[in-house]
Each structure stands twice: as structure tokens, then as C-alpha cells.
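Structure first, then comments.
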Amino acid sequence: ELSAFGSRDVGDDDVRLVANELPPGALTLFLTSRTGAFTPMFGGGVGLLCLSGDMGRFDLAGQFTFASADGRSELVLDLMSFPQPTGVVQVMAGDTCAFQAWHRDAVGGVATSNLTQGVALLFL
């Protein structure tokens, strides 16, 4: 499960993503794109990738997270420094950004990866 909290007003720069129901301690990487898709078993994992096109990874120091004991990972977004494949950009009013969280998982005792469902935000 992935949820977004805060304000969609870019001037407020107040958005956080919260992934729940993850395996405790799971490494979590938040992803973003301006384009949606449906790609099953992305990267050999068991999840459904809902993003496509130019995907950004929140992979700078402090952006990788580990799920808490109750299966929760959280990321506070910096709308002035938003990841894209070619660097970072500023989110502008009118931009729609979709998000997912990739995480380590296990199915039947076998290590794999999985994805939360996607969430999209239209910024004002």
C-alpha cells in the first residue's frame, strides 16, 4: 500500500510518501515517473510496475529506507530536487507525477522483489 500526504501546492513543498504492509526490515526504494504503464513481474520480481518512460529513483543518501518492524517506510519529497534519469528537476504547478515503492520481499521463502501499488499526484 502506498499513500501520499501533505499539500499538492508546489510552493508548500510538503509531500511525503508512506508505504505500508511491507516485510519488516525490507530495503525500500521510491520511484517516480510522469507516465504510467502496467508491466508485470518487473525485473523478475512478483509485482506490477505502474510507471514507464523516464523514471526517477529516490536513491540519494538518506532516501533509501528500511521498513520498520510494523512494515512502514516513509520518504519526504523535495519538490525542488526531483530525480529524473538525466539529473534533478523542480516540480512545477500542473505536473502530474506517479509514484511506487520497490522493496525486497520473499515468496514461499524465496527472496525476490515486489512493488506497492501506484499513486499519482497533480501538483497545483
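Every number in this text was worked out from the coordinates using simple rules, so none of it is lab data. Note that the structure is predicted; figures quoted are calculated from it, not measured. In this analysis, Cβ positions are derived from the backbone assuming ideal geometry, glycine residues included, and neighbour counts consider all displayed protein chains.
Ranked highest first by average number of other Cβ atoms within 10 Å, how do 108-114, 70-76 line up? List each step's numbers first, then the result.
Values: 108-114: 11.3, 70-76: 16.3.
Descending mean neighbour count gives 70-76, 108-114.
With a/c under 1.5 counting as rounded, go ahead and sort region 1-101 into rounded, prolate or oblate using the C-alpha gyration tensor (a ≥ b ≥ c being the square roots of the eigenvalues; past the cut-off, prolate if a/b is larger than b/c, else oblate). Spell out each step's value before the answer.
Working: a/c = 1.74, a/b = 1.23, b/c = 1.42.
It is oblate, given that a/c is not under 1.5 and a/b is not larger than b/c.
Net charge near LEU79: determine it from the other residues with C-beta under 12 Å of the C-beta of LEU79, scoring Lys and Arg +1 and Asp and Glu -1. If you can, show how the numbers build up before the last one.
Values: positive: ARG8, ARG16; negative: ASP9, ASP12, ASP13, ASP14, ASP78, ASP95.
Result for the local shell: -4.
Taking amide hydrogens as modeled 1.01 Å from N in the peptide plane, which residues meet the under 5 Å criterion relative to GLY71, leaving out close sequence neighbours?
Hits under the 5 Å cutoff: GLY25.
Using modelled amide H (1.01 Å from N, peptide plane; none on Pro or chain starts), what sits under 5 Å from the amide H of ALA106, excluding residues fewer than 5 places away?
THR112
What are the residues whose amide H is under 5 Å from the amide H of ASP54, where those residues sit 5 or more places off or on another chain and H is modelled from the backbone?
ARG34
If one computes the Cα centroid of region 1-52 and of region 59-82, what distance in Å separates the two points?
10
With an 8 Å Cα cut-off and a minimum separation of 6 or more residues, compute the relative contact order for the chain in percent.
For the chain, the relative contact order is 33 percent.
Count charges around GLY44 for me, please; just the other residues with Cβ under 14 Å from its Cβ, Lys/Arg as +1, Asp/Glu as -1.
Working: positive: ARG104; negative: ASP105.
Every neighbour counted, the sum reads 0.
Mind listing the phi-derived Karplus ³J(HN,Hα) values for region 35-44, rounded to whole Hz, using 6.51, -1.76 and 1.60 with θ = phi - 60°, and x for any glycine or proline?
10, x, 6, 9, 10, x, 6, 3, x, x
What ³J(HN,Hα) values, in whole Hz, does the Karplus curve 6.51 cos²θ - 1.76 cosθ + 1.60 give for region 2-7 when θ = phi - 60°, with x put for Gly and Pro?
For region 2-7, the Karplus-derived couplings read 10, 10, 10, 10, x, 10 Hz, x marking Gly and Pro.
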